[in-house]
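> Following this message is one structure expressed as structure tokens.
Laboratory data are not the source of any read-out in this text; all were calculated from the coordinates shown. Given the structure is predicted, the values throughout are model-derived calculations rather than measurements. Note that we place each Cβ from the backbone using ideal geometry, even for glycine, and neighbour counts take in every protein chain shown.
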Amino acid sequence: MNLAKWSLEHPYLVLALACAVGVLGLAGVMSSPRDLFPDTTPPQVLVVTVREGASAPEMARTVTEPLEREISGLNGLANQTSTTADGVSSLRAEFAYGKKVSEAVTEVRNALAAVTPRFPAGTAEPLVYSITSRTAPAVTLALSPLDEGGPTLSEIRLLAEHVIRDELLRIPGVGEVEVFGGHHPSVEVSVDRDLLAASGLSLEGLIGAIAKQNISAPAGRLTVEGAEIHFTLDSLFPGVDQVGDTVIASPEGGAVNLRDVARVGIGEMPQRSLYHGNGRPAIAVNVLRAEGSDTIRVVKAVMDLIPELESRFRSMRIEVTDSQKPLIELNISGMYGSLVQAIILIVVVNFLFLGNLAAALVSSVSIALSFLFGLAVIWASPYTIDMVTLTGMIVAVGMVVDASVVVLENIFRVHEATGMKDPRVAAVAGAKEVALSVTAGMLTTVIVLLPVMGSSGYTSRVLRPLNMVLFATLAASLVAALTIIPLLAGFVLEGKGHRPSGVLRKITSWFDGVLKKVVTFYIELLKVSLRHRGLTVVAFALFFLLTLRLVMPLLGGEMMPPMDTGIAFIEFENPAGRSPEAVEKTLTAMEKKILEEKHVLSLSSQVGSEPGSPSFGGGSTPQAGRIKVLMVDRSKRKENIWEILDRWRADFKSIEGLRWSRLTEYGATPRATTKAPLDVIISGPDAPLLDSLAREAVSAMEGVKGLGDVHQGWFIEKETRNIEVDPYLASRYRTSPTDIAREVGTALNGRTATYLKVPSFSDIPVRVFYGDQYLEKEEDILDVTIVTGDGLLPLSALARVRTVPEAPLITRERLRNTIDITGVNRGRTIKHVTSEVKLRLRGIQPPDGYSIEVAGSSADLGESMAMLGKALLLGVVLLYFLLVSLFRSFLYPLTILSIVPPAVAGGLWGLLLFNKSMSMNAAMGFILLAGTVVNNSILLVDFIIESRKRGASRTLAIVRSVKTRTRPILMTVTSTIIGLTPLVMEWAVGLERMSPLGIVAASGLIFGTFVTMIFVPVIYSVIDDISSRAAALVGRTGEDPGA
């Protein structure tokens, strides 16, 4: 079907379809959700189980390990990790991409149903959370008292968990709201040990008495005269004062109330977590978006609600300490601006090449229609407008005009060369002549990208949206080139004075003269190369091999290049056992250093973790914390983010109590499940031996160039006091270790007896524990009163206390105990750093049953490069067979593909020149390069074949092809390179991530274009000779060479 002819016969239909594409594209811009990056988080399920008072080893043995064994057999499970601390087990199950997270949650819940009945008494019901990209908060609010007379943090927490949370959940697009920061309010029952003993009660009896008093239960129903009357027993505590009125004993002398043996009042649960907003103690509120909602709209709605909340709670400060909105808007606006600049430059270049402003504007129509169609496709897809999809637009900006430029230039050439009076006939003839070439050019690009689209895993999740946009825009550009362009070209040719005049005429004439000189230069160089074909082929082959040998080792490798978004993360740790007050002091000192930096906009700091708030992280001890720093974007700073981090790193060394810190930029580990750029995982059964091996590994890694912030995951340093009950004495006094553990645990940490019902708020726990005056020294634990069958005895009469060193937490992966040694790379690629680390670790020989594995971003890179390498190989094979079908020859495609190795060499030199390492996006650039650089070869070979069919000699056909096709080739290549300029120059914030793709494609195209005019004709002549000689040997000399 001749599309050009059809479009000229149906102009109104074509224009109507173009307008429809425009409307759909604009709707896509306004309606598509926006984000910074595609959703690359694999389906994960987090299981958090709490058992108050249990030690980490006990929790691991009785809760974590049974859970792991039950979950390990689930279908699609990719990895399983867990962290167990005192009283808390946090297990994360990661599933393969493609598994629906809802299915994963259901399967995990079914597994829990089988194992939870075997948990020890006192173990809370496990909490199950789905972990997706939505778990990252869209916005974080910090709530704090406005002045000293304002509400307490525990009062603010009550408001946050109910009133404020409910208001936020009413916002469309909000999926969940989580509260964090400790300061859980409680009713404290501080027991006087001696008075309790005098009353003849134990802590256990006291807790039972309180629980029995505070109840609301149905009492039954009575039928009277045909009507049912329901009775309810309501004995709930109306307030805190009534808790103290609880009768706990009734001796002959009268009733004993709770306040007679304890002090009752409002307090807080023991602090195991805390939050600071901009350096001030606060309660944090994370707002999570719902599935499919737009992050920008959600954040804007939350921001609009803040003034209303501030007017309702005038004594409370509400600050935004973290938000995805500024970075997303900055990135998208920067990329849109880059697109507009690139389009303008392309129109200017086309004007210079075509010498016709109207024609240049006509060629730009294909850009607009292609982009609008691409935006409509994004709207219809599950993807978002983000850095990757907009990168696809930027990559396509120069490519989508290629077909239109070739068609338009050929229409003009045919019109001038043949002198056709009817522009419509010239438009049809010109478009038909190059239809095969432009179609092949589009298909070659698409065919090499297909294997990437069909792959799986993280790499595919990142690159599939980019390839989808490229597919859509390239397909639209081809259709536009063969329909809209001939239609509009006819109008341009019909118009008079379409050539520029005055200054513009002089500019285009000068440029035309330069092009003629370039063509002459190429022709002379080509003639020399044809006379020395062997030398030419050997020279290019040596260049390619030397490039692989010399350049590849220098490049190193990163999963993705680092980017300066103005966001930094600071993880830190204090020694095990350090009190929450001391940890907060360390945090405050760090924040003071950070806030001295004038470019800092906000701080969001947290310490520890809370079971019900997975968006704040999980599994952290109260001695570990994390700070997120938001700064102005890089265009407003003289220093880059790594220089600022180095300065803070030096400042932190003087902070008392700070054992370790890690400072990284946003996106330091592209994969959400990767713990650190460098992660050495040591596995084995025995914790002390793991600690010893880890210390040996850390020592071996000292002095590795470019490796910093090295951290051993845990140490055998926590001094745990083991209470060893004498079994004979326990039996003698008619008690048991279980009863003793319960009494001691309640005395030290307290136990929730019941809950105080507060209207419109959550229930406040009523916690019973020994008064502080009885637990001032470590030795006081021996005086804890134990109820026995023979009366009350001190703990010292039944047990002794022994100090045992152990780890503060237990980490496991794939059913094995592990310890991680993590680090970051600075000034050297992670591939180089990891290679040296592996070399040094070879000297450590772990015992049988133990292993040392080097993971992290380098392992991710290896997995990604293996997948993309296979995709490139398969893409080139598919490309070859496509060319075989188009040219009906098995030899001509080899001529066309001969340009790929020199272009790849050009791409490698481009990476070296721009100081970029090999990465996933660079590999994608090579795949894209393979599909685009052959387009120039196709134009040349197609022209040579057609010329020879018309009777031209081989040499004449080759020379004519270079003379005729140089202009369109230079036009298309220049347009493509200009389109890639925003990527190469990193014009938008965050484009550092994607720039290697543009650098490889642009530098490969530049070198490949120069080589195409020389190398491809030489290879064609060599293959043609081989074909002719082969045909002569089999008696087929009369057949078309190369067929």
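> To two decimal places, what compactness ratio does segment 325-379 give when its Cα radius of gyration is scaled by 2.2 N^0.38 Å?
1.38
> How big is the Cα convex hull of segment 336-440 in projection, averaged over all directions, in nm²?
Spelled out: convex hull of the Cα atoms, projected over all directions, averaged, 7.5 nm².
> Given ALA56, VAL88, TYR129, which one lies farthest toward the positive end of the charge dipole of segment 42-131, if we put +1 on the Cβ of every Lys and Arg and -1 on the Cβ of every Asp and Glu?
With unit charges placed on the Cβ atoms, the residue in question is TYR129.
> Here's a follow-up. Report the label-to-label distance for ARG732 and LEU748 in nanometres (one decimal), using points 7 Å from each Cα along the Cα→Cβ vector.
Roughly 2.4 nm, to one decimal.
> Another one. Quick one: what Rg and Dmax do you get for segment 689-810 from the alpha carbons, in Å?
When restricted to Cα atoms, segment 689-810 yields Rg and Dmax of 21.6, 68 Å.
> Once fully extended, how much extra length lies between GLU863 and LYS675, figured as 0.36 nm per residue of separation less the alpha-carbon to alpha-carbon distance?
Taking GLU863 through LYS675 to full extension adds about 66.1 nm, to one decimal.
> At 20 °C and 1.002 mPa s, grab the translational diffusion coefficient of segment 517-586 from Stokes-Einstein with a Kirkwood Rh over Cα pairs, rounded to a whole number in µm² per second.
113
> Further, regarding this structure: Specify the angular offset, from 0 to 90 degrees and rounded to the nearest 10, of the alpha carbon long axis of helix 641-652 from the longest principal axis of the alpha carbons in the chain.
Result, in degrees: 30.
> For helix 900-913, what angle does its Cα long axis make with the longest principal axis of the chain, in degrees from 0 to 90 and rounded to 10?
50
> Oh, and also: I'd like the projected area of segment 649-734, averaged over all directions, using the convex hull of its alpha carbons. Report it in nm² with one decimal.
Average of the hull's projected areas for segment 649-734 equals 10.5 nm².
> Something else about it: Any chance you could run the full-extension gain for ALA741 through GLU581? It's 0.36 nm times the residue separation minus the Cα-Cα distance, nm to one decimal.
54.9 nm
> How do THR232, THR41 rank when sorted from fewest to most other Cβ atoms within 10 Å of their own Cβ?
Result, fewest neighbours first: THR232, THR41.
> Then there is this: Between GLN845 and VAL537, how many nm apart are label points set 7 Å from Cα along the C-beta direction?
5.4
> Direction-averaged shadow area of the convex hull around the Cα atoms of the chain, nm²?
56.9
> Mind pulling the angle between the C-alpha long axis of helix 737-749 and the longest principal axis of the chain? Nearest 10 degrees, somewhere in 0 to 90.
Approximately 80 degrees, to the nearest 10.
> According to a simple spin-label model (label point 7 Å from Cα along Cα-to-Cβ), what is the distance in nm between ASN110 and GLU319?
4.8
> Show me, bin by bin at 10 Å from 0, the whole-percent P(r) of segment 839-960 based on Cα pairs.
11, 29, 24, 17, 10, 6, 3, 1
> Let me ask something else about it. Starting from the Cα of LYS757, draw a straight line to each of the lysines and keep only those under 28 Å, dropping any in the same chain fewer than 8 residues away.
Hits, sequence-local ones excluded: LYS212.
> Another question, then. So for LEU841, LEU879, LEU408, fewest C-beta neighbours within 10 Å to most, what's the order?
Lowest to highest Cβ neighbour count: LEU841, LEU879, LEU408.
> Sticking with this structure for a sec: Calculated from DSSP H runs of 4 or more alone, at -39500 (n - 2.57) each and per residue, what is the 222 nm mean residue ellipticity of the chain, nearest 500?
-17500 deg cm²/dmol
> At a Förster radius of 41 Å, what calculated FRET efficiency corresponds to the Cβ-Cβ distance of LEU548 and LEU515, to the nearest 0.05?
Plugging the Cβ-Cβ distance into 1/(1 + (r/R0)^6) gives 0.75.
> Ordered by packing density, taken as the mean number of other Cβ atoms within 10 Å over each peptide's residues, highest first, how do 812-818, 210-216, 273-279 rank?
273-279, 812-818, 210-216
> Above 21 angstrom, tally the Cα pairs of segment 564-666 and express them as a % of all pairs, no decimals.
Taking all Cα-Cα pairs of segment 564-666, the fraction more than 21 Å apart is 34 percent.
> Antiparallel as a % of all DSSP beta bridges within the chain, to the nearest 5?
The answer is about 95 percent antiparallel.
> Here is a follow-up. Which Rg and Dmax, in Å, describe the Cα atoms of segment 42-131?
Looking at segment 42-131, its Cα Rg and Dmax stand at 12.4, 39 Å.
> Multiplying the sequence separation of ARG800 and ALA255 by 0.36 nm and subtracting their Cα-Cα distance, what value in nm do you get?
192.5 nm
> I would also like to ask the following. Let me have the relative contact order for the chain, percent, based on Cα pairs under 8 Å that are six or more residues apart.
Value for the chain: 17 percent.
> Moving to a separate point now. May I ask you to derive the FRET efficiency for ASP646 and LYS592 from their Cβ-Cβ distance with R0 = 25 Å, giving the value to the nearest 0.05?
The value I calculate is 0.85.
> What FRET efficiency would be calculated for the residue pair ARG263, LEU361, taking the C-beta separation as r and a Förster radius of 60 Å, to the nearest 0.05?
Result of the calculation: an efficiency of 0.10.
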